[in-house]
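Written below as structure tokens is the structure these notes are about.
The values are calculated or read from the model by the stated rules, or taken from the named source; none is laboratory data. A quick note: this is a predicted structure, and the numbers were derived from the prediction, not measured. In this analysis, Cβ positions are derived from the backbone assuming ideal geometry, glycine residues included, and neighbour counts consider all displayed protein chains.
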DNA sequence: GCCAACGTTGGC
DNA sequence: GCCAACGTTGGC
């Protein structure tokens, strides 16, 4: 079972939104970066995912969700009224993918970015690499264990 | 295929 | 609000 991390602005979609959502499921759509999309395609049902809150007051990992539906064409790319609309994408050859994720739990205390940066053994984690902008990334079992051990 | 210009991300 | 870093676009 693979592990992942996704970034989100909590004003858009937070771990609390997962807890409150119908069936506690939210489609993870609107990803418009090829590298991130390729990781979405690799996700399988049951994979666990850290939810990282970015661009906000308390930056860090706030909770855990789980993939409940593996990748499918992101419907927002076809909607002319969506901010995620991509006029170059077609139904026959869709560019962008989404997955469905479900709430697992909120961490009792957020794991702050500073803490993550100071942990030993996370050197390979894209999140803490300088200038990194990847919004969907793999997390190794070892990295997952190290991060959770601090929670 | 190169690369400058531009828009976006995201921490501070 | 600032700005460094990065990805994308488009002219050539």
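Being over 23 Å from residue A:107 (Cβ atoms) and within 15 Å of DNA strand B (Cβ to nearest atom) is the filter here; which residues of the range A:41-78 pass it?
A:74, A:76, A:77
Given the conditions (1) crowded, with 16+ Cβ neighbours inside 10 Å; (2) more than 16 Å from DNA strand B (Cβ to nearest atom); (3) at pLDDT below 95, and given that residue A:121 satisfies all but one, which numbered condition is not satisfied?
For residue A:121, the failing item is (1).
Looking at the structure I just gave you, is residue A:128 within 16 Å of DNA strand B (Cβ to nearest atom) and surrounded by 12 or more Cβ atoms within 10 Å (Cβ to Cβ)?
Numbers: within 16 Å of DNA strand B (Cβ to nearest atom): yes; surrounded by 12 or more Cβ atoms within 10 Å (Cβ to Cβ): yes.
Here the answer is yes, as residue A:128 does meet what is asked.
I need the full set of residues from the range A:72-107 which are within 16 Å of DNA strand C (Cβ to nearest atom) and touching a strand residue (DSSP E or B) at 6+ places or on another chain (Cβ under 6 Å), in order please.
Scanning the range A:72-107 gives A:74, A:94, A:97.
Any residue at all in the range A:78-100 that is under 26 Å from residue A:119 (Cα atoms) and either modelled with pLDDT of 95 or more or assigned to a helix (DSSP H, G or I) (or both)? Before the answer, list the steps.
Going residue by residue through the range A:78-100, those that are under 26 Å from residue A:119 (Cα atoms) are none.
No, the range A:78-100 contains no residue that is under 26 Å from residue A:119 (Cα atoms) and either modelled with pLDDT of 95 or more or assigned to a helix (DSSP H, G or I) (or both).
If I filter the range A:108-137 down to residues being in contact with a helix residue (DSSP H, G or I) (Cβ under 6 Å, 6 or more places away or on another chain) and within 16 Å of DNA strand C (Cβ to nearest atom), which single residue comes out as farthest from residue A:33 (Cα to Cα)?
This residue is A:117.
Table: residues versus (1) closer than 12 Å to residue A:4 by Cα; (2) out of contact with any helix residue (DSSP H, G or I) (no Cβ under 8 Å at 6 or more places or on another chain); (3) loosely packed, with under 14 Cβ neighbours inside 10 Å.
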| residue | (1), (2), (3) |
| --- | --- |
| A:62 | no, no, no |
| A:65 | yes, no, no |
| A:73 | no, yes, no |
| A:93 | no, yes, yes |
| A:98 | no, no, no |
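Can you pull out every residue in the range A:1-21 that is within 16 Å of DNA strand C (Cβ to nearest atom), over 18 Å from residue A:133 (Cα atoms) and in contact with a helix residue (DSSP H, G or I) (Cβ under 9 Å, 6 or more places away or on another chain)?
None - no residue of the range A:1-21 is within 16 Å of DNA strand C (Cβ to nearest atom), over 18 Å from residue A:133 (Cα atoms) and in contact with a helix residue (DSSP H, G or I) (Cβ under 9 Å, 6 or more places away or on another chain), so the list stays empty.
For residues that are near DNA strand B (Cβ under 10 Å from one of its atoms) and either closer than 17 Å to residue A:86 by Cα or assigned to a helix (DSSP H, G or I) (or both), tally how many sit in the range A:1-38.
Final tally of qualifying residues: 5.
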